[in-house]
Each structure stands twice: as C-alpha cells, then as structure tokens.
Amino acid sequence: MEEIFSDTIKLDKKGTGVLMIAHRGLSGLETENTQCAFVAAGNRSYYGIETDVHFTKDGKYVISHDGNLSRIFGKDIEIKDYLYEDLRKVRKTENGDTVEYMAVPTLREYLGVCRRYGKKSVLELKVEYTDEQLKEIIEIAKEEKQFENVIFISFFPDNMIRLRKILPTHPLQLLTGPINSEIMDICENNSLEIDADYMSLNEENIAELKRRGIKINCWIVNDLEYAEKLVSWGVDFITTNILE
C-alpha cells in the first residue's frame with residue numbers, strides 16, 4: 001500500500017549545498033505530473049521541479065510519466081496516438097467521479113509554473129527525440145522565458161549527445177540505473193552530469209565521479225536516513241517525492 005503523507009519530510013543538508021528536486025512535482029502530496037503537484041512544489045523550498053515530456057500525434061508537447069494515461073487518468077489512451085485537442089479534453093477520474101480541474105498539462109503550463117515560482121525545470125525526455133524536436137522544445141522554453149533555468153535529463157545517451165551539440169554549455173544529466181566506467185566515460189566525454197538510481201551510488205563511485213568533474217543527481221530518494229548518507233557522501237542533487 002502506498003504511504004500517504006500530510007507534509008514533506010525535512011532533510012538536514014548540514015550546510016552542504018545539496019539541492020532538492022521535486023520528482024514529478026511534489027508527488028508525495030499531490031497527483032504526480034499535474035499542475036497541483038507543480039504548484040505544491042513551487043510553494044516550498046525546492047531548487048527544481050522534475051517532470052516528463054511526451055509528444056502527441058500532431059507533435060504537441062505534454063506532460064506525463066507514462067506514454068499511456070491509464071495509471072493516472074484511468075483512460076487507456078496512448079499519448080502518441082491522440083491529437084492534442086482531444087487529449088486536452090481528457091479528465092482524471094477518482095472513484096468513478098470526474099475531476100474537472102485535472103487535465104494533462106502542457107509543456108508550456110509546466111514551464112510557466114516553474115518560472116512563476118523561480119524553480120529550475122528538470123525536464124526528462126522520455127523517448128528518443130530528433131534534432132528538430134529537441135530544437136522545438138528549446139524554442140518553447142525560450143518563449144516561456146524559462147530556457148536558462150531548464151536542466152535536460154534522459155535515459156537515452158543519444159538525446160544527451162545530440163543536445164550537447166546544440167547546447168555546448170547547457171546543464172544536461174544522463175539518467176542511469178547502474179554506474180560503471182562506460183557511463184562515466186559518456187558523461188565525461190560529453191560534459192554531462194549524471195542522474196543515477198540512488199541505490200547504485202556509494203562513497204567510492206561518488207568520489208570517482210567527483211574526480212572526473214561530474215555533478216551527481218540521484219533518484220528517487222524518499223528514505224530520510226539514506227538521504228542523510230548521500231548528503232555525507234557528497235551528491236549535488238537529490239530527487240525525491242517527499243523529502244525537502
């Protein structure tokens with residue numbers, strides 16, 4: 001059974017400068033990747049708000065972790081097969097009731113919340129994107145006056161490598177489960193930061209990443225005791241559903 005929280009759990013970062021990222025918005029308190037979750041994170045001390053971007057059948061960019069809306073919205077809808085206009089009419093259902101204010105957010109809406117509350121936009125590219133699509137996302141961020149505050153992340157090294165060619169100095173983080181020399185080499189050779197499964201991190205590989213000049217984010221840390229350990233080891237960011 002999923003644990004239900006009434007407020008965030010405070011983490012003592014001991015003056016280390018560790019920066020906290022709200023995973024899919026403040027998803028420990030609100031429905032993930034919704035405007036409610038983004039605003040809840042915006043109203044707290046988080047450095048950034050993480051989310052996931054997909055594209056519709058007609059090439060519009062919307063926010064969802066899954067490519068299908070069934071888990072969150074209760075509708076068996078594949079985002080890539082739906083037109084944007086139709087997708088925006090979908091509403092979340094809870095116990096058979098329609099929640100009228102709960103729609104699939106657009107990329108612009110998410111960026112707008114981050115801008116309004118002065119947060120970094122930690123934007124996960126969920127699938128492999130073409131150069132044209134990457135440039136479209138960048139242009140949207142610029143139009144929303146949030147581009148300088150976007151950190152792009154992805155499990156796909158090709159996304160990160162293509163983005164690095166487009167954005168020579170922009171913060172990019174390679175998502176990974178395991179940490180090995182190949183992953184470290186990709187990051188070092190392409191000036192990428194790393195966003196690792198926190199269980200794959202230890203004092204030794206954190207020290208090696210730091211030696212190589214690679215900043216370290218980690219996901220998804222909800223255990224306070226383990227977070228304190230990660231702080232002591234020297235991670236730079238912690239991505240979490242509920243810690244603050």
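Could you grab me the full set of residues in segment 19-36 that are hydrophobic (A, V, I, L, M, F, W, C) and either crowded, with 21+ Cβ neighbours inside 10 Å or within 27 Å of GLY234 (Cβ to Cβ) (or both)? Within segment 19-36, LEU19, MET20, ILE21, ALA22, LEU26 meet the criteria.
Based on this model, can you work out whether GLN133 counts as under 30 Å from PHE5 (Cβ atoms) and of a type outside the set (Lys, Arg)? Against the criterion (under 30 Å from PHE5 (Cβ atoms) and of a type outside the set (Lys, Arg)), GLN133 does not qualify.
Please state which one of GLY15, GLY48, GLY25 is in contact with a Ser or Thr (Cβ under 8 Å, 6 or more places away or on another chain), free of Cβ contacts under 8 Å to residues at least 60 places away in the same chain and among the small types (Gly, Ala, Ser).
Values: GLY15 fails: in contact with a Ser or Thr (Cβ under 8 Å, 6 or more places away or on another chain); GLY48 fails: free of Cβ contacts under 8 Å to residues at least 60 places away in the same chain.
Exactly one of GLY15, GLY48, GLY25 is in contact with a Ser or Thr (Cβ under 8 Å, 6 or more places away or on another chain), free of Cβ contacts under 8 Å to residues at least 60 places away in the same chain and among the small types (Gly, Ala, Ser), namely GLY25.
How many residues does segment 76-94 hold that are closer than 14 Å to HIS54 by Cβ and in contact with a Gly (Cβ under 7 Å, 6 or more places away or on another chain)? Please lay out each step first, then the result.
Let us first name the residues in segment 76-94 that are closer than 14 Å to HIS54 by Cβ, namely 77-84, 87-88, 90.
Subset that is in contact with a Gly (Cβ under 7 Å, 6 or more places away or on another chain): 78-80.
Number of matching residues: 3.
Taken together, the residues in segment 1-41 that are β-branched (Val, Ile, Thr) and more than 22 Å from VAL62 (Cβ to Cβ) amount to 5. Please identify the pairs in which a residue from segment 71-89 that is of a type in the set (Val, Ile, Thr) has its Cβ atom under 9 Å from the Cβ atom of a residue that is open to solvent by 90 Å² or more (accessible area, probe 1.4 Å), counting only partners at least 6 apart or on another chain. These pairs meet every condition: ILE79/LYS57. Pairing each residue of segment 94-108 that is in contact (Cβ under 8 Å) with a residue 12 or more places away in the chain with any residue that is assigned to a strand (DSSP E or B) and basic (Lys, Arg), provided the two are 6+ apart or on different chains, yields C-beta distances under 6 Å for MET102/LYS92.
The values are calculated or read from the model by the stated rules, or taken from the named source; none is laboratory data. Since the structure is predicted, the reported quantities are computational estimates derived from the model, not experimental observations. Ideal geometry is used to build each Cβ from the backbone, glycine not excepted, and the neighbour counts take in all protein chains shown. Quick note on the areas: whole protein, heavy atoms, side chains included, nothing else; ligands and nucleic acids left out. Shrake-Rupley method; radii C 1.70, N 1.55, O 1.52, S 1.80 Å.
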